[in-house]
Amino acid sequence: MLVHKLRSIPRPAYIFGFANFVIATGAFVFPFMALMLSQKLGFSATATGLIVYGVFSAQFPGQMLGGWLTDKFGPKPVYIAALSIEAIITFTTGFFAESVALIGFLFFISLANGTMVPAMQAWQADFSTPKNRKLVYAVSYYGWNVGYAFGPAIGGLLFADYFRFMFWGDATTTLIAIAIVALFLPARFDRSTDEEIEKEKPVEGSVWRYLLTRPSLLLFTLCMIGINLVYGQITVALPLQMDAFFGDDGAKLYGWLLMANGIAVLVFTPILARLTNNNRTLSNLILAGMLYAIGFGFVGISNHFMLLLICATIYTAGEVLSVTNTNAHIANESPRNMRGRLAGSVGLAIGFGFGAAPALSGWFIDQFGLSVLWPSVGALALISALGLYLLRKRQPD
């Protein structure tokens, strides 16, 4: 049965998965952004959170631009151009990494990365169908996390003494991934023999008018903002908690925790893809919210590294379900001629949760402390899961 399902996955999914693996193996910059700002440049928790929020906010206009460009020119040229610009800026940043100019460079790296996202999602939706779409996104996500199991650990070793090489290595692996995609993936896929799916038929009008006719998609977006706000604690609150628990060893152990996160994804992705493939996407996302509530909700009392590993294992299972099913749900609800713009606009709104997390958590930590933050985000995850449950009950079986 598993072999049959693997054979049903189109070849381009594996190419995307391998390209993501190469990129993630050199993912040295974004995972350590909070520590760069707090340790290298000396910013407070509030200032660090605001800056990280500003950097991630650059993805918002990037995704809007990328969605429009994707529907106009196709996903391949947008994907390659955006990643190429990101690689060039990242390499240049290495020469200014220990100055305040780092903040500006991080902003433009994030802008280019955001432009790439809707192109990648629309491209994957083009060569998949609702029957295999969750598996397609799972393979792509799996490749990312194979690399991510090693990248942050290497970044943690480079952080103290070879800081600039974090940027140069990141840029190099991105350029290699661009070459793989450019050489082995076609710009368009022949879907003439596929059965036309009602929700994927082209529609007239603007994206905003289409969204107004789909209140279920708007409610879905609102719930996923909450889910992603919880997951966003991994960028600022979690490394700050590691620093509070372990002092000078915090950065190194944070890198190891991220590596454990990546390894857990390697184990969980094929298992969860097999176990939940026949579930509706909303059912899987409800489970993801519950796992987030447990995994993140107990971080604040897990003052031993092994306890944090258990928390990471739990929220990683939620992460796998959230990432693969969110993209599949958006693609399943998107007309073919609006895939880029819907991936950009809905992804932009959902990404607001992740992007706002650094600023909100930084402020919350300074006002109430880390010990209050973790049960609060656990409660938010449960509320978001409840909203998805109510939406799921309205769906026909």
Practice prompt. Multiply the residue gap between Ile301 and Lys72 by 0.36 nm, knock off their C-alpha separation, and tell me the result in nm, one decimal place.
Written response: 77.4 nm
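For the chain, what does the helix formula give at 222 nm: sum of -39500 (n - 2.57) over DSSP H segments with n ≥ 4, over the residue count, nearest 500 deg cm²/dmol?
Details: 17 runs with 302 residues, N = 397.
Helix contribution divided over all residues of the chain: -25500 deg cm²/dmol.
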Practice prompt. Output the relative contact order of the chain, whole-number percent, from Cα pairs under 8 angstrom with separation of 6+ residues.
Written response: 29
Worksheet, complete the sentence: With Cα springs under 10 Å, the Gaussian network model of the chain assigns the largest mean-square fluctuation among Ala381, Ala179, Ala125 to Ala179
Response to the item:
In the neighbourhood of Phe305 defined by beta carbon distances under 12 Å, the net charge of the other residues (Lys, Arg +1; Asp, Glu -1) is 0
Practice prompt. Apply the Karplus parameterisation 6.51 cos²θ - 1.76 cosθ + 1.60, with θ equal to phi minus 60°, to every residue of region 66-73 and state each ³J(HN,Hα) to the nearest whole Hz, in sequence, with x for glycine and proline.
Written response: x, x, 5, 5, 5, 5, 8, 10
Worksheet item: For the chain, with only Lys/Arg (+1) and Asp/Glu (-1) charged at the beta-carbon, what is the dipole magnitude about the Cα centre, in debye rounded to 20?
Response: 1100
Worksheet item: Which entry in [x] 142; [y] 190; [z] 124 matches volume of the Cα convex hull per residue in Å³ derived from the coordinates of this structure?
Response: [z]
Fill in: Local electrostatic count at Met224 - Lys and Arg +1, Asp and Glu -1, tallied over other residues with Cβ under 14 Å
-1
Worksheet item: Contour minus end-to-end for Ala101 and Leu266, with contour as 0.36 nm per residue of separation and end-to-end as the Cα-Cα distance?
Response: 55.8 nm
Item to complete: Could you run the Karplus curve 6.51 cos²θ - 1.76 cosθ + 1.60 with θ = phi - 60° over region 172-186 and give me ³J(HN,Hα) per residue in whole Hz, x for Gly and Pro?
Response: 5, 5, 5, 5, 5, 5, 4, 4, 4, 5, 5, 7, 10, 10, x
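Accessible area per residue, 1.4 Å probe, Å², for region 325-397: what's the number? Please list the in-between numbers first.
Working: 2940 Å² over 73 residues.
With all protein chains present, region 325-397 gives 40 Å² per residue.
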Fill in: For region 81-96, 3J(HN,Hα) per residue [Karplus equation, 6.51 cos²θ - 1.76 cosθ + 1.60, θ = phi - 60°, Hz, x = Gly/Pro]
5, 5, 5, 5, 4, 4, 5, 5, 5, 4, 4, 5, 4, x, 7, 10
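The values are calculated or read from the model by the stated rules, or taken from the named source; none is laboratory data. It should be emphasised that the depicted structure is a prediction, and the values quoted were computed from it without experimental measurement. Counting neighbours? That spans all protein chains shown, and the Cβs are built from the backbone with ideal geometry, glycine included. Accessible surface is based on the protein model in full, side chains and every heavy atom, while ligands, DNA and RNA are left aside. Shrake-Rupley method; radii C 1.70, N 1.55, O 1.52, S 1.80 Å.
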